[in-house]
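First up is the structure itself, then whatever we jot down about it.
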Amino acid sequence: MKPRRMDRALLEAVELEYEVRGAGEPVVLIHPGHFADWFTPLLDEPALTQHYRVLWYHRVGCAGSSHIAGSVSLAQHAAHCRSLMRHLGIERAHVVGHSSSGNVALQLALDAPDAVHSLAILEPALYSVRSAQTSRAFVGTAVQLYRTGDKAGAVDTFLRGVCGSGYRAVLDQALPGAFDQHVADADTFFGQELPALQQWSFLREDARRIAQPVLAVIGARSQELDPIWVERQELLLSWLPNVEPFVLPAATHLLQVQNPRGMAEGLTTFFARHPIAASS
């Protein structure tokens with residue numbers, strides 16, 4: 001995968017790579033974990049970029065954005081997103097978060113509700129949901145591999161656990177070279193992201209504070225691979241006061257990497273039902 005030419009924003013103590021495409025109401029894409037380019041397939045979907053101004057960026061610790069020592073909380077990631085929005089003159093946006101960045105998007109809605117017009121939450125990493133039907137032992141195995149220095153094995157083990165055994169062929173076809181970038185950024189994921197997720201709290205009373213329209217997205221194949229995705233989806237549907245479900249056909253946790261057109265169409269249909277202009 002060729003390195004993308006991205007703009008850079010200096011935001012107080014951190015610098016973030018970003019790209020803006022299209023025109024219209026702003027949409028902010030927050031990539032999952034250290035999987036920095038998992039939203040790029042959406043940028044080639046005209047259903048999205050011909051109707052919306054799409055901002056995507058690399059979070060701290062990923063690709064060419066600042067790599068910083070020590071812990072980075074999900075609230076800090078949410079603050080970075082808000083700072084980047086302000087830097088670009090975006091006061092209010094449709095915000096999309098995938099996996100651990102679904103958590104970041106939820107945190108942004110709690111911390112800066114005026115900045116979030118609507119939310120699309122794509123299979124968030126709600127660690128408070130403990131499934132009785134499935135094991136997350138692969139996470140511990142991946143962490144142990146990382147600690148022994150086998151970063152590639154750690155990333156592979158984790159992705160097999162969350163996306164299924166066939167993930168690599170899909171990833172390599174859609175985003176050639178992305179796996180190598182994931183390995184390069186493994187310190188961010190195992191050293192910062194996983195601890196931040198385990199420390200993050202999201203309770204029913206927090207969910208009740210999120211009044212914005214929310215699209216809760218789950219992959220059709222995720223439902224078959226692991227019951228925990230269904231349980232997390234059900235939690236969002238039962239806790240959030242203004243939420244609707246969307247099942248992305250033919251997709252595992254890779255979601256828009258696997259079915260970008262279906263995701264683009266699902267998102268734009270949702271955004272069109274909840275236009276920013278109507279609230280101004």
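The values are calculated or read from the model by the stated rules, or taken from the named source; none is laboratory data. Given the structure is predicted, the values throughout are model-derived calculations rather than measurements. In this analysis, Cβ positions are derived from the backbone assuming ideal geometry, glycine residues included, and neighbour counts consider all displayed protein chains. For accessibility, only protein heavy atoms count, side chains too; no ligands or nucleic acids. Shrake-Rupley method; radii C 1.70, N 1.55, O 1.52, S 1.80 Å.
Is there a residue being of a type in the set (Val, Ile, Thr), farther than 16 Å from Val95 by Cα, open to solvent by less than 60 Å² (accessible area, probe 1.4 Å) and modelled with pLDDT under 95 anywhere in the stretch 223-242? Yes, the conditions are met somewhere in the stretch 223-242.
Per the listing Gly161, Gly177, the residue uniquely within 18 Å of the chain's Cα centre (by Cα), open to solvent by 20 Å² or more (accessible area, probe 1.4 Å) and more than 30 Å from Phe271 (Cα to Cα) is Gly161.
Quick one: Tyr167 ticks every box in (1) open to solvent by 20 Å² or more (accessible area, probe 1.4 Å); (2) over 16 Å from the mean Cα position of the chain (by Cα); (3) within 20 Å of Ile218 (Cα to Cα); (4) of a type in the set (Ser, Thr, Tyr) bar one, so which box is it? The failed condition is (1).
Is it the case that the stretch 40-62 has a residue that's at pLDDT below 95, hydrophobic (A, V, I, L, M, F, W, C), open to solvent by less than 60 Å² (accessible area, probe 1.4 Å) and assigned to a loop (DSSP other than H, G, I, E, B)? Yes: one or more hits. In the stretch 71-89, the qualifying residues are those that are more than 18 Å from the chain's Cα centre (by Cα) and touching a residue at least 60 places away in the same chain (Cβ under 8 Å), and the one that is surrounded by the fewest Cβ atoms within 10 Å (Cβ to Cβ) is Ser71.
Scanning the stretch 121-131 turns up at least one residue that is on the phi > 0 side of the Ramachandran plot and touching a residue at least 40 places away in the same chain (Cβ under 8 Å).
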